[in-house]
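Student: Below you will find the structure I want to go over with you.
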Amino acid sequence: MISIFSLGRLRRVSAVVCAAVMFPIVCAAVELPPLKIPRISRAPKLSDFLNGTPREAEAVVTIFKQFDPHDGEPVSQPTAAYLSYDSKNLYVGWICRDDPAKIRARVAPRKQIDTDDRVTVNIDTFQDHKHAYWFDVNPYGIQYDGRTTDGIGDDPSWEGLWYSEGRITADGYVVLETIPFRSLRFPRARKQLWNICLARAIQRNNEFSIWPFISHAGLPQFVGQFAPIEIDEDISPGRNIQLIPYGLTSRDNYLDPQTGFQQQTEHHVGLDAKAVIRDALTVDLAFNPDFSEIGTDDPKVQVNERYEVIFPERRPFFLENASTFTMPEQLFFSRRIVDPQFGAKLTGSVGRWSLGTLVADDRAPGEVLAQGQTGHGDRAVDAVFRSEREFGHQSHVGLFLGGTEFKTATNRVGSIDLRYVAPHNWTLAGQATTTQTHESPSGYEAGPGYILSLKKSDNHKTIQTIYTDRSPGLNSTLGYISRTDIRRFENYSSYQWKPTASHTVFAYGPSMDTILIYDHEKRLQNWFVDPTFTVTLPNLTQVALSYQQGYELYSGIGFGEQSTTVSLTTSWYKWIDVSGYYNWGTSPNYYPAAGVTPFLGKADNVYALVTLRPQSHLRLDEIYYYTRLATGAGSLPAASLPSGTIFTNHLIRSKINYQFNRDYSFNAILDYNALLPNNALVSSAYSKQADTTLLFTYLPHPGTAVYVGYADTFQNVDYSATASPAYSLLNVPSTSTDRQVFVKVSYLLRF
């Protein structure tokens, strides 16, 4: 489903721009003159704002207006931001008045403050009215940073080295943000003209109040509504070289399917290097890079899914400036590069041009081949290039080239794309792609693909139409294209009433999503209609009811499908967050047992996430997925097949995080996955698995970290080297099949 701003996005949306400035600057209603930031000789301290200590001249912003829930209304709690700089840093001090008992904040891991009250600074350093860094801080000084791009959205993968402090007081909280110039990218000039946005989030009110005033009426231009600031001095990030050496040692006891229980000790060392060229371009080089990030993917249902289930990228090298490679068609999905040894990347902006290029090897294609097979031990070579030229206001034309090669198999991709922001909130976007694939023994295939979309949105309504055309020969090995040989039409529209006088219901209204898909032989493949009604309430609460009706052609068989979904997201009390949905209806059995044709079943899907915060340092997460598919009346393709449950899948995750302070934390993750199939009806295998992960972390800032961990996997198998067969199934996951103890250390060196 298409949406302009979900409740989840609004938890992070940051903004800031139309203020009263003391000394003496008056904020204009339409085009603001640059807000001059004064230079100081003494860096401010958090205690200065706590004690009211006299400071040097600062630019003071006190007039904040709501972006949500009521566009343009004054901030509900007094807020003041104080801006200054010296030769090394930009300083923003905050004094936020509030009832301390109502403040929502925790001593949390970095970047895990989505539901906390917080303040944020957003900076468009190139004045392109499109890209900006954001720096969020909660009342305890916990950081959340990233980059945002109009037309694409937030990218929290960017990691900056900056400093923050925060403290809750008797009448609210104070925060001090210190942002080193060397952590930013900006063009060299005699004086700096940037665009900025300051914002405060008050979560119990669903409130984001901003300076200058940024309105929904100006969307999709968010960064485009920032206010200008002036730093009247030739500042520069200076020499900015970063080296991050790392070392990892692990002891692994595992069950090998061929040879039984084995032990293995591994040691890895590597180096990530970063350098900034002319204050704007970033070069990343990696030798035996730290591509393995500590942690595990959140669970996803992977049973009876027609298309590949993908997990988000988590590896630091690929995450840096990942939005550079974002296009309407996902032609590059970095997780396709599975096991690289070397990597190099160049990203950045020069004038109205932006570019990104990445080259890496990948050992995975050679590793999956058995010893003696052609290509065993060889590696693929992968490369992508992306360039954009901006024109007008927030419009651009882009070029993408990509390719991969392994032995005699090659894939080449070329694409051009356009985004044009027209008056009255209309956005036109399009992309044309062509690919060529050579692979023995299957030979050669090629084909084009096209996407065209038109969108209009404002404070109340959203209208979008998307046409997607993918030929049968379209293939991007490094991308994610779920389906080819389609002509797909999608229309989405929504309307939200936002009562200005109500403090109980902030918004409500319907939406409609429709999809129609044909193949290139003009055969109907799918149609889908999804009307939804959504209500937004205080305390980040949203309730939605939707009904889906559709048709799907699968394996030459047409299925009429329907389902109903009820969903809820709420943080009604500051010590608990709840989100989830219940979906019931019909769904095909995509992977029936041998000799059985696909057939329609009755489906039930449940998802629940409960987050408990008994106190400010402790967080407990419980995640549960329940998926069940059963036979329906007359749905079985043969009378001899048994009726009843086709399969049941339970996914459970329990997470415990104790944050001793901002630097030290302990995490425990317990996972359970049980798949219970009826093998007369479905081809899935009976399995139960339990995983335990214990992790102690010392993370003073990005790049420098110490991890000490223990992980163990239990499966419902029994192994005996003397038995025949050697493996047998158990009812409970009681056999440890992969036990690991590891220590990982990395250290940031900055020059």
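Student: When residues of the stretch 44-73 are filtered for being touching a residue at least 12 places away in the same chain (Cβ under 8 Å) and either out of contact with any Asp or Glu (no Cβ under 7 Å at 6 or more places or on another chain) or in a helix (DSSP H, G or I) (or both), how many remain?
Tutor: Looking only at that region, the number is 20.
Student: Taking the options Leu675, Leu730, Leu694, Leu748, name whichever one is surrounded by 14 or more Cβ atoms within 10 Å (Cβ to Cβ), farther than 30 Å from Val107 by Cβ and of a type outside the set (S, T, N, Q).
Tutor: Answer to the selection: Leu675.
Student: Kindly list the number of the only condition in (1) outside the structural domain of Pro34 (by TED's automatic domain parsing); (2) not in a strand (DSSP E or B) that fails for Ile244.
Tutor: Result: Ile244 fails condition (2) only.
Student: With the stretch 445-545 as the region, which strands (runs of 3 or more DSSP E) entirely inside it contain at least 2 residues that are outside the structural domain of Ala364 (by TED's automatic domain parsing), charged (D, E, K, R) and farther than 24 Å from Tyr420 by Cα?
Tutor: The strands (runs of 3 or more DSSP E) meeting that bar number zero.
Student: Ok, one more. Suppose we filter Pro245, Pro220 for residues that are within 30 Å of Tyr747 (Cβ to Cβ) and either modelled with pLDDT of 90 or more or touching a strand residue (DSSP E or B) at 6+ places or on another chain (Cβ under 7 Å) (or both); which single one remains?
Tutor: Unique residue meeting the criteria: Pro245.
Student: Still on this structure: Kindly provide the set of residues from the stretch 113-157 that are under 20 Å from Arg662 (Cβ atoms) and β-branched (Val, Ile, Thr), ordered by number.
Tutor: Of everything in the stretch 113-157, those that are under 20 Å from Arg662 (Cβ atoms) and β-branched (Val, Ile, Thr) turn out to be Ile113, Thr115, Val119, Thr120, Val121, Val137, Ile142.
Student: Quick check, is Pro448 modelled with pLDDT of 95 or more and over 28 Å from the mean Cα position of the chain (by Cα)?
Tutor: Criteria met by Pro448.
Student: Checking Lys688 against (1) surrounded by 18 or more Cβ atoms within 10 Å (Cβ to Cβ); (2) among the charged types (D, E, K, R); (3) over 30 Å from the mean Cα position of the chain (by Cα), which single condition isn't satisfied?
Tutor: (3)
Student: For Ser640, state whether it is without any contact (Cβ under 8 Å) to a residue 12 or more places away in the chain and assigned to a loop (DSSP other than H, G, I, E, B).
Tutor: So Ser640 passes the test.
Student: Going residue by residue through the stretch 706-720, is there one that turns out to be within 30 Å of Pro588 (Cβ to Cβ) and not in a loop (DSSP other than H, G, I, E, B)?
Tutor: Within the stretch 706-720, one or more residues are within 30 Å of Pro588 (Cβ to Cβ) and not in a loop (DSSP other than H, G, I, E, B).
Student: Would it be correct to say that Phe64 is at pLDDT below 75 and of a type in the set (Phe, Trp, Tyr)?
Tutor: So Phe64 fails the test.
Student: For the stretch 562-609, enumerate the residues that are assigned to a loop (DSSP other than H, G, I, E, B) and more than 25 Å from Ser684 (Cα to Cα).
Tutor: Within the stretch 562-609, Lys574, Trp575 qualify.
Student: Does Phe213 qualify as being touching a residue at least 40 places away in the same chain (Cβ under 8 Å), in a loop (DSSP other than H, G, I, E, B) and not assigned by TED's automatic domain parsing to the domain that holds Tyr420?
Tutor: yes
Student: Considering only residues of the stretch 487-519 that are over 19 Å from Thr532 (Cβ atoms) and small (Gly, Ala, Ser), which is nearest to the chain's Cα centre (by Cα)?
Tutor: Ser502
Student: Limited to the stretch 438-484, what total is found for residues that are out of contact with any helix residue (DSSP H, G or I) (no Cβ under 6 Å at 6 or more places or on another chain) and closer than 29 Å to Val381 by Cβ?
Tutor: 28
Student: I would also like to ask the following. Name the one entry in Asp378, Asp362 that is surrounded by fewer than 16 Cβ atoms within 10 Å (Cβ to Cβ), in contact with a strand residue (DSSP E or B) (Cβ under 9 Å, 6 or more places away or on another chain) and not β-branched (Val, Ile, Thr).
Tutor: Result of the check over Asp378, Asp362: Asp378.
Student: Still on this structure, I have one more. Can you tell me which of Leu699, Leu670 is surrounded by fewer than 17 Cβ atoms within 10 Å (Cβ to Cβ) and within 24 Å of the chain's Cα centre (by Cα)?
Tutor: Leu670
Student: Determine whether Asp256 is of a type in the set (Asp, Glu) and closer than 27 Å to Glu320 by Cα.
Tutor: When the stated conditions are applied, Asp256 does not pass them.
Student: While we're on this one: Tell me, which residue of the stretch 562-585 that is in contact with a Gly (Cβ under 8 Å, 6 or more places away or on another chain) and surrounded by fewer than 18 Cβ atoms within 10 Å (Cβ to Cβ) is nearest to Leu537 (Cα to Cα)?
Tutor: Leu568
Student: Say we look at the stretch 413-429 and pick out the residues that are part of a strand (DSSP E or B), touching a Lys or Arg at 6+ places or on another chain (Cβ under 8 Å) and not aliphatic (A, V, I, L, M); which of these is surrounded by the fewest Cβ atoms within 10 Å (Cβ to Cβ)?
Tutor: Trp426
Student: Out of curiosity, is Asp150 assigned by TED's automatic domain parsing to the domain that holds Pro44 and within 30 Å of Tyr573 (Cα to Cα)?
Tutor: Against the criterion (assigned by TED's automatic domain parsing to the domain that holds Pro44 and within 30 Å of Tyr573 (Cα to Cα)), Asp150 does not qualify.
Student: For the stretch 266-277, check the following and say yes or no: at least one residue is in a helix (DSSP H, G or I) and small (Gly, Ala, Ser).
Tutor: There is no residue in the stretch 266-277 that is in a helix (DSSP H, G or I) and small (Gly, Ala, Ser).
The values are calculated or read from the model by the stated rules, or taken from the named source; none is laboratory data. Keep in mind that what you see is a predicted model, and the values were worked out from it rather than measured. When we count neighbours, we look across all protein chains shown, and the Cβ atoms used for this are built from the backbone with ideal geometry, even at glycine.
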